[in-house]
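Comments concern the structure below.
The values are calculated or read from the model by the stated rules, or taken from the named source; none is laboratory data. The structure displayed is predicted, hence computed values, not measured ones. Please note: Cβ atoms are built from the backbone with ideal geometry, for glycine as well, and neighbour counts cover all protein chains shown. We work out accessible area using only protein heavy atoms, side chains counted, and drop any ligands, DNA or RNA first. Shrake-Rupley method; radii C 1.70, N 1.55, O 1.52, S 1.80 Å.
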Amino acid sequence: MAGNQLGVLNALDVAKTQWYHFTAIIIAGMGFFTDAYDLFSISLVTKLLGRIYYHVEGAEKPGNLPPNVAAAVNGVAFCGTLAGQLFFGWLGDKLGRKRVYGMTLMLMVICSIASGLSFGHSAKGVMATLCFFRFWLGFGIGGDYPLSATIMSEYANKRTRGAFIAAVFAMQGFGILTGGIVALIVSTAFDHAYHAPSYETNPVASTVPEADYVWRIILMFGSVPAAMTYYWRMKMPETARYTALVAKNAKQAASDMSKVLQVDFLAEENRVEHEASKSFGLFTKKFARRHGLHLLGTSVCWFLLDIGYYSSNLFQKDIFSSIGWIPPAKTMNAIHEVYLVARAQTLIALCGTVPGYWFTVALIDYIGRFAIQLMGFFFMTVFMFALAIPYHHWTKKSNRIGFLVMYSLTFFFANFGPNATTFVVPAEIFPARLRSTCHGISAAAGKAGAIVGAFGFLYAAQSTDPTQTDAGYPPGIGVKKSLMVLGGVNFLGVLFTLLVPEAKGKSLEEVSGENEDEDVVHDQQQASSVSTVPQ
């Protein structure tokens, strides 16, 4: 394939791992660190928001966010993320990866701060303001998905490309972990500074006025890592693949990569024009024939994964409460409840989430994307059913540690599985002119799944007994049946993985078929083993 490829692109494919690779991982990865922190930190403070703004005088239990408010607070960022993935994915292919990259980061910084400054004279006003800013925060986060993945894939060499893209995504694990740690530090500091009785002892005094600062500080901290990397994002040159294959500027591509790789390249204007002449649009028969099933596979797999992944992550606190790992809310004060929720989420992240990501980084270029995704969905199915079928067994106090181990394993195999590969593969298998757009479409399908999980699980996981539901919620199907539904969703993921091609060890042009002429046999493309055009 090298002989049929632009010299500058071949040089990127065969380049040894260098410092600029790690710089790109850190710069792109800090965006993902911020994404995860911002998306998941809200689950740490929703119980606190309920206590502060929805306290009911004389109620047996502490205040709880009403169903419509909880759904909005938890889900509005996902709606923004979905819109951002589609818009910025498209814009990244139109204006270039670098030009759009800075926009998304600044949006994230501004809206993280604004979320913590949410104002209003009433609970309704504060929640409406919070939801407004979290929507636009999600919009910026959405742009980070296709751009970070595309930039990293286009900078990497083909031997370790999967590990590099997965390493960017693995920063999500550290973002979730850091969210828990920040919440632990802030809640501990405030709990010690402002001693408060439990809710059952004194309902009003259990939520001190200073508790309002806790959730604001936790949400605003998300702006710090994003702001720290803005300068370095602006210093990164545009990727050679965009400059050469999309912008058709061979001279600029050669100049940029000469600085990065410290090797002189010739500007291949004629070759660039020839490659550009073979391009095709998203809504064409040629795209449908070559990549239609691939896009269906990447989109549906991401959709199915996120139904389970985000519902489980956002509502960990409810699952922990249902098995008794977090005591009843009335037995503690508002700030201490934040501490216990954060401690539980941090432990899950430390034991299951973070290790899973790095197993993928270590092994993806050895055993391949397809095998990891298939294995991940399979074991997620197994562990979900293992939790769901004997659910009554796990709710017994003596078995709670076993439940947490099993629950952690579902996260481990999500991250050493489809949560990483659904991010990696769309950045590799589509042509440069449509790479960011197709990744955005796939990611947006994922966020549609997250919305289904976030909104649906809120209601579904409620007890079937009307006396046991949270205030304002109708009876649901219970945690047991919800886990069984998620197990079935994961099994569908196994089936749709069969549509996704393997990109291990191939150049981006080879796996996407960009270097192939019109008469390349379609079956070869579908089998993801595109043959090299004879010289």
Just to be sure before I move on: is VAL533 among the β-branched types (Val, Ile, Thr) and modelled with pLDDT under 70 in the structure I sent? yes
Using the structure shown, decide if ILE27 is more than 13 Å from GLY142 (Cβ to Cβ) and open to solvent by 30 Å² or more (accessible area, probe 1.4 Å). no
Considering only the range 347-371, state which residues are within 18 Å of LYS158 (Cβ to Cβ) and among the polar types (S, T, N, Q). THR360
Where a residue in the range 398-409 is without any contact (Cβ under 8 Å) to a residue 40 or more places away in the chain and its partner, wherever it lies, is loosely packed, with under 13 Cβ neighbours inside 10 Å, with Cβ under 8 Å and at least six apart: ASN399/HIS393
In the range 215-239, the residues that are open to solvent by 60 Å² or more (accessible area, probe 1.4 Å) and over 30 Å from THR188 (Cβ atoms): TYR230, TYR231, TRP232, MET234, LYS235
For the range 461-512 the number of residues that are part of a helix (DSSP H, G or I) and either modelled with pLDDT under 75 or acidic (Asp, Glu) (or both) is 4
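In the range 441-456, how many residues are open to solvent by less than 10 Å² (accessible area, probe 1.4 Å) and touching an Asp or Glu at 6+ places or on another chain (Cβ under 9 Å)? Full working, then the answer.
Taking the range 441-456 as the starting set, the residues that turn out to be open to solvent by less than 10 Å² (accessible area, probe 1.4 Å) are 442-444, 446-447, 449-450, 453-454.
Subsequent filtering for residues that are touching an Asp or Glu at 6+ places or on another chain (Cβ under 9 Å) retains 446-447, 449-450, 453.
Counting residues in the range 441-456 that are open to solvent by less than 10 Å² (accessible area, probe 1.4 Å) and touching an Asp or Glu at 6+ places or on another chain (Cβ under 9 Å) gives 5.
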Would you mind telling me which numbered condition in (1) part of a helix (DSSP H, G or I); (2) among the aliphatic types (A, V, I, L, M); (3) crowded, with 23+ Cβ neighbours inside 10 Å LEU65 fails? (1)
(1) crowded, with 24+ Cβ neighbours inside 10 Å; (2) within 30 Å of PRO328 (Cβ to Cβ): which one isn't true of ASN399, the others all being true? (1)
Top-ranked residue of the range 130-162 - restricted to ones that are open to solvent by less than 20 Å² (accessible area, probe 1.4 Å) and hydroxyl-bearing (Ser, Thr, Tyr), ranked as farthest from ASP93 (Cα to Cα): TYR155
For the range 349-366, does any single residue satisfy the condition of being open to solvent by less than 50 Å² (accessible area, probe 1.4 Å) and either acidic (Asp, Glu) or in contact with an Asp or Glu (Cβ under 9 Å, 6 or more places away or on another chain) (or both)? yes
Unmet requirement for SER255, which otherwise passes all of (1) at pLDDT below 85; (2) under 29 Å from the mean Cα position of the chain (by Cα); (3) among the polar types (S, T, N, Q): (2)
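Quickly run through the range 422-438 and pick out the residues that are of a type outside the set (A, V, I, L, M, F, W, C) and more than 15 Å from ALA83 (Cβ to Cβ).
THR422, PRO426, GLU428, PRO431, ARG433, ARG435, SER436
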Output the residues belonging to the range 181-205 that are part of a helix (DSSP H, G or I) and surrounded by fewer than 24 Cβ atoms within 10 Å (Cβ to Cβ). ILE181, VAL182, LEU184, ILE185, VAL186, THR188, ALA189, PHE190, ASP191, HIS192, ALA193
